[in-house]
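J.: Before anything else, here's the structure in question.
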């Protein structure tokens, strides 16, 4: 029995529409500050004045010196992208720990025991928030370790190529960069799925920390025959594509108009439209959490079915061995 992304998608959308009022008020409004801050931070670094700030230049200078010391081929685009990612992560960290995790906890609390959201219970809500925060901190360490390992392997590959006598050239740098980009994307995608699944597990089982990440890894390994990894990648691609589309909409409708000299008379309308787009982004974050809840439920049921199907076979073998004795 395999997990199908289309089935999870249909169930998630049906549950969202069935309980539309709950998810678009409580959960979406909790995620709104995180969504608004993330859209503003990501859009602000596209502006030349913000991209040349001292904070961003300091991080980019540190990354450049690190690449130079390790002998990695210089790449201004890669250095700028990494520095922007680090800056956004640091600036959005308070909203992530508060707004984003609270919204995710409200969705998990609603879908933990039944598909119909229950009435808000502050005691149960905060019981889920605590392990979510612990798991998020552990996920940050895991992500940092994964990125550090990938870059270390890339540095080793560059130095190994230099040791074999391959001189630094455009062709060699392009091959190493392309290979490293493909490998880094695969590893980062799997770590992203594991970290998201770990948050769902910590909320469902109320057990946070590194144990949730280990359970997520174990779940992905045990479900290889059930196409768990391809299904998780498919759901992640669809959710991130929708979020990226909203980000592009925000940049096109808000950022461009906000810095247009002729748009001074419509500042209020631009602000209201920006709030609506941020709210739409928050709703998509809620739907993504619903995806994760149903994905984890299906994974757990399939693994339980596999254990139950294999148990009678093992019992029959043990029974025959006992009769032979």
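Only the coordinates and a few stated rules stand behind these numbers; no lab work does. Predicted, not measured: the structure shown is a model, and the values here were computed from it. Here Cβ is always computed from backbone atoms with ideal geometry, including for glycine, and neighbour counts include all displayed protein chains.
J.: Rounded to the nearest 0.05, what FRET efficiency do residue 81 and residue 174 give with R0 = 22 Å and r taken as the Cβ-Cβ distance? Could you check?
T.: Details: r = 17 Å, r/R0 = 0.79.
Working from the Cβ atoms, E equals 0.80.
J.: So, one more: How far apart, in nm, are the 7 Å Cα→Cβ label points at residue 256 and residue 14?
T.: 4.0
J.: Residues of the stretch 199-222 with amide nitrogen under 17 Å from the 7 Å Cα-to-Cβ point of residue 141?
T.: Counting only backbone N, you get 199, 202, 207-217.
J.: If you count, for each residue, the other Cβ atoms within 10 Å and average over each peptide, how do 141-151, 200-210, 230-240 line up from highest to lowest? Don't jump to the answer; show the numbers that get you there.
T.: Numbers: 141-151: 14.5, 200-210: 20.9, 230-240: 17.9.
For the peptides 141-151, 200-210, 230-240, the packing ranking is 200-210, 230-240, 141-151.
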